[in-house]
1. Could you calculate the FRET efficiency of Glu140 with Asn164 from 1/(1 + (r/R0)^6), where r is the beta carbon distance between them and R0 is 22 Å, rounded to 0.05?
2. Which value, in Å³ per residue, describes the convex hull spanned by the Cα atoms of the stretch 126-222?
3. Assuming R0 = 41 Å, can you tell me the calculated FRET efficiency for the pair Lys11 and Asp149, based on Cβ-Cβ distance, to the nearest 0.05?
4. Per residue of the stretch 194-202, in order, report the coupling 6.51 cos²θ - 1.76 cosθ + 1.60 (Karplus, θ = phi - 60°) as ³J(HN,Hα) in whole Hz, putting x for Gly and Pro.
5. Report, for the chain, the % of DSSP beta bridges that are antiparallel, rounded to 5.
6. Search the structure for amide H atoms under 5 Å from the amide H of Met57, placed 1.01 Å from N in the peptide plane, and list their residues when 5 or more places away or on another chain.
7. What is the Rg over Rh value, at two decimals, for the stretch 2-117, using alpha-carbon atoms and the Kirkwood definition of Rh?
8. Amide H to amide H under 5 Å from Val6: which residues, 5+ apart in sequence or cross-chain, H placed 1.01 Å off N in plane?
Amino acid sequence: MKILLVEDDVKIANNIKKGLEYKNYVVDIAQDGQLGLDMALDDHYQVIILDRMLPEMDGLTVCKKLREKHNFTPVLMLTAKTMINDKVEGLNGGADDYLAKPFAFAELLARLKALARRPKKNNQECLEVVDLKLNFSTQEVSRNGQKIDLSRKEYLLLEFLMRNPNQYFSADQLVEKVWSYEDNVLANTAQVYIGYLRKKVDKAFKDLPVLINTKRGFGYALKTK
């Protein structure tokens, strides 16, 4: 696995690089945000480890610019900021996971592996399931031609279900696939977000067939018929 590490603290960067290379990862280092953005756009990485506080360009801006340029490489954001609002801001800015400093190397490694297991976005412009459409370029979702406003986690959860239509997933499986190793995420978090999606995708379209289904003992699925 090839990883881009964007971290301005030389000691931290070298320690992470040394540990990952010991595990047979290939690691490139950028010590400021602008360089990190340029490297991320010029090369192909499986995961980007991105510090929040960086010279030249902060990590949140780097992440937003990557997504604006349709680069969806998974981003693990590192930060000394541990307030919930800071985490929410980072995740809403396009990060896929969030790890607060100081951290155990074993946890960093586990989160990287989880991010690498996520389905990769391909060259498809859109996903379409029945009358539901998800556009990767604009990150817009619509049903029957009508736009649906989703939060980032709602979007990621719906994308996962659309990539795996007619397959049932338990709440625990959805947490593993969509929330990865984020802190304090329980199975009922997936249940809550399924409820949010139902309200926006199904209940808002009362004249159309129900798409998000529940099957006791199996979980949740996006059904095509």
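Each reported figure results from applying straightforward, stated rules to the coordinates on display, with no laboratory input. Computed from a predicted structure; not experimentally measured. Neighbour counts run over all protein chains shown; Cβ positions are idealised from the backbone, glycine included.
1. Efficiency, from the Cβ-Cβ distance: 0.60.
2. It comes to 94 Å³ per residue, whole-number rounded.
3. After rounding to 0.05, the efficiency reads 0.40.
4. Karplus-based 3J(HN,Hα) across the stretch 194-202 equals 4, x, 4, 5, 4, 4, 8, 8, 10 Hz.
5. 50 percent
6. Gly33, Gln34
7. Using only Cα positions, Rg/Rh for the stretch 2-117 is 0.92.
8. Hits under the 5 Å cutoff: Ala30, Ile49, Leu50, Asp51.
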